[in-house]
Amino acid sequence: MVPIRTVVSVSLALLLSVGVVVRAVGELDQDNVVAAWLLDEREGDVVSDATGHGAAGKLVGNTKNVEGKFGRAIELGGAGAVILIPDFAQTFPSEEVTIVAWVNMLERRMQELFSMEPPTPGKVTVVFPQGDAIVWQFGTPPQGASIPFDDDWTGDWHHWAFTHSVASLGMRTYLDGTLINHVLFTSPYQQRAGDFHIGGRFEMSFEGVVDDIAVFDTLLSGKDIRTLMEQGLDGALGLRFVAPRDRLVTVWADLKARD
């Protein structure tokens, strides 16, 4: 097992030693959710955004609808299978962000959980694992956090949360509601043209099951992250899976036009 407590204590000691003024974190509120994918679709190729903000996605490649942590989920089969969120690179949060997701990674190999496409300039990337570590990169130019990988993280459900704050708090990584890494690297993300891939770039696509994914434009506390883990996006925020037929037809037409 990775010595999680050691990783955290060293990072927090560094934070205190440089005299960083810690700012208050954001609140768990629907107004702070940029996009949320409950992934409760039972058919079709469109994944709806439960916030109503229009960040619907398209299932690409070998994907399946399966049982998840909260309702249904999407299994990504690798080999180019992704959930493609078109143009999301233009509206992705710039300075403060929290990304949460339930993840069941099938096996240990280098693969991306999230990525922008094209990947640069301005990165938002999580690699599971890169060498012997999980790598969480954010910003323009990108800064990164590296977390030693544990084989116990494969073959079962785990809740992951990745945060970034330019203001003061750097980059944090949470596993199953526990802070496992905190580094002081910060770099704002420059919004640009591009798509957001849940499941990574086609050549490094993820193999496993994902559920209850959301992007917030604020820095959530550990307590709020644990609430999301325990109650889900529906229970914690009242977000509901709604897929009106007219909205899906419009989204499908927009996505087909990009093919």
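For the reader, a short list of remarks on this structure follows.
- Boolean, Q190 is modelled with pLDDT of 90 or more, of a type in the set (S, T, N, Q) and assigned to a loop (DSSP other than H, G, I, E, B): yes
- Number of the condition not met by H159 [criteria: (1) out of contact with any helix residue (DSSP H, G or I) (no Cβ under 8 Å at 6 or more places or on another chain); (2) within 22 Å of I225 (Cα to Cα); (3) not in a helix (DSSP H, G or I)]: (1)
- The condition of being modelled with pLDDT of 95 or more, closer than 19 Å to V127 by Cα, out of contact with any Phe, Trp or Tyr (no Cβ under 6 Å at 6 or more places or on another chain) and of a type in the set (D, E) holds for only one of D211, D224, D195, that being D195.
- One residue stands out in the stretch 235-250 among those that are touching a strand residue (DSSP E or B) at 6+ places or on another chain (Cβ under 8 Å) and over 12 Å from V46 (Cα atoms): the one that is modelled with the highest pLDDT, namely L237.
- Residues in the stretch 130-143 that are modelled with pLDDT of 90 or more and either out of contact with any Gly (no Cβ under 6 Å at 6 or more places or on another chain) or among the aliphatic types (A, V, I, L, M) (or both): D132, A133, I134, V135, W136, F138, G139.
- The stretch 162-184, residues that are part of a loop (DSSP other than H, G, I, E, B) and farther than 15 Å from G122 by Cβ: A167, S168, L169, D176, G177, L184
- Among residues of the stretch 23-63 being of a type in the set (K, R) and surrounded by fewer than 20 Cβ atoms within 10 Å (Cβ to Cβ), the one that is nearest to E75 (Cα to Cα) is R42.
The values are calculated or read from the model by the stated rules, or taken from the named source; none is laboratory data. Since the structure is predicted, the reported quantities are computational estimates derived from the model, not experimental observations. Virtual Cβ from ideal backbone geometry, glycine too; neighbours counted across all protein chains shown.
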